[in-house]
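**Q** Encoded as structure tokens, here's the structure I'll be asking about.
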Amino acid sequence: MADVEIKVENIVASATLFDSKDRKLELPKVAPALENVEYNLEQFPGLVFKLKEPKTAALIFGSGKLVCTGAKCIEDSLKAIHMTVDRIRELDPEIPEDYDIKIQNIVASANLGKVLNLEAVALDLENTEYEPEQFPGLVYRLSDPKVVLLLFGSGKVVCTGAKTADQALLGVQKTKERLTELYLIEE
């Protein structure tokens with residue numbers, strides 16, 4: 001495999017606290033009980049609860065859905081969700097102990113270490129979109145793993161859509177290998 005390292009920049013995870021659509025969280029009661037919370041129903045239909053450690057933000061919705069963003073590793077993402085749910089459970093003891101948590105998206109960055117000619121890449125590489133007037137990066141879609149990479153002329157890469165760090169790494173490695181095969185990057 002191509003020698004490349006990735007850095008996880010952000011993990012988005014979600015949790016669903018209730019199976020029933022009849023069950024709701026009363027956000028006006030939850031908001032004042034949490035510190036570092038933003039709640040303005042006219043601007044956003046949920047609470048934004050910021051944790052200092054791990055440094056994350058949890059979006060809390062009346063439906064009982066939570067979205068946690070900002071973690072740099074899966075463990076911190078899971079920890080932030082559990083801490084958030086524990087705080088909500090102090091106000092609403094009927095919050096179930098068991099709930100589903102899903103990793104929705106991992107965003108990672110990498111550097112291929114070589115300058116890329118994005119016009120040449122757009123011509124020779126399959127499944128790309130490149131419109132430099134609208135966005136300076138080239139969008140490259142892989143099917144296995146199912147991720148999207150943003151390639152920049154500097155050689156920097158952003159991978160999104162991964163469910164694991166290994167998927168993000170594999171996506172970057174496969175991309176570097178494919179660019180090398182097409183003589184669009186030199187090893």
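**Q** For Pro145, only one of the following conditions fails: (1) crowded, with 17+ Cβ neighbours inside 10 Å; (2) outside any loop (DSSP other than H, G, I, E, B); (3) not aliphatic (A, V, I, L, M). What is its number?
**A** Going through (1) crowded, with 17+ Cβ neighbours inside 10 Å; (2) outside any loop (DSSP other than H, G, I, E, B); (3) not aliphatic (A, V, I, L, M) one by one, Pro145 breaks only (2).
**Q** Six or more apart or on different chains, Cβ atoms under 6 Å: show the pairs whose first residue is in segment 126-147 and at negative phi and whose second is of a type in the set (Gly, Ala, Ser) and assigned to a strand (DSSP E or B).
**A** Correct list of pairs: Val147/Gly161; Val147/Ala162.
**Q** Out of Lys29, Lys72, Lys52, Lys65, which single residue is closer than 30 Å to Asp166 by Cα and either touching a His at 6+ places or on another chain (Cβ under 9 Å) or exposed (fewer than 13 other Cβ atoms within 10 Å of the Cβ) (or both)? Full working, then the answer.
**A** Details: Lys29 fails: closer than 30 Å to Asp166 by Cα; Lys72 fails: either touching a His at 6+ places or on another chain (Cβ under 9 Å) or exposed (fewer than 13 other Cβ atoms within 10 Å of the Cβ) (or both); Lys65 fails: either touching a His at 6+ places or on another chain (Cβ under 9 Å) or exposed (fewer than 13 other Cβ atoms within 10 Å of the Cβ) (or both).
Sole residue among the options that is closer than 30 Å to Asp166 by Cα and either touching a His at 6+ places or on another chain (Cβ under 9 Å) or exposed (fewer than 13 other Cβ atoms within 10 Å of the Cβ) (or both): Lys52.
**Q** Checking Arg87 against (1) over 24 Å from the mean Cα position of the chain (by Cα); (2) in a helix (DSSP H, G or I), only one condition comes out false. Which one?
**A** If we test Arg87 against (1) over 24 Å from the mean Cα position of the chain (by Cα); (2) in a helix (DSSP H, G or I), just (1) comes out false.
**Q** So which residues in segment 2-49 are touching a residue at least 60 places away in the same chain (Cβ under 8 Å) and part of a strand (DSSP E or B)?
**A** Ile6, Lys7, Val8, Glu9, Asn10, Ile11, Val12, Ala13, Ser14, Ala15, Thr16
**Q** For residues that are more than 17 Å from Ile60 (Cβ to Cβ), at pLDDT below 95 and not acidic (Asp, Glu), scanning just segment 4-20, find the one that is surrounded by the most Cβ atoms within 10 Å (Cβ to Cβ).
**A** Val4
The values are calculated or read from the model by the stated rules, or taken from the named source; none is laboratory data. Just so it is clear, the structure is predicted and the values come from calculations on it, not from any experiment. Don't worry about glycine lacking a Cβ; one is built from the backbone with ideal geometry, like all the others, and counts go over all protein chains shown.
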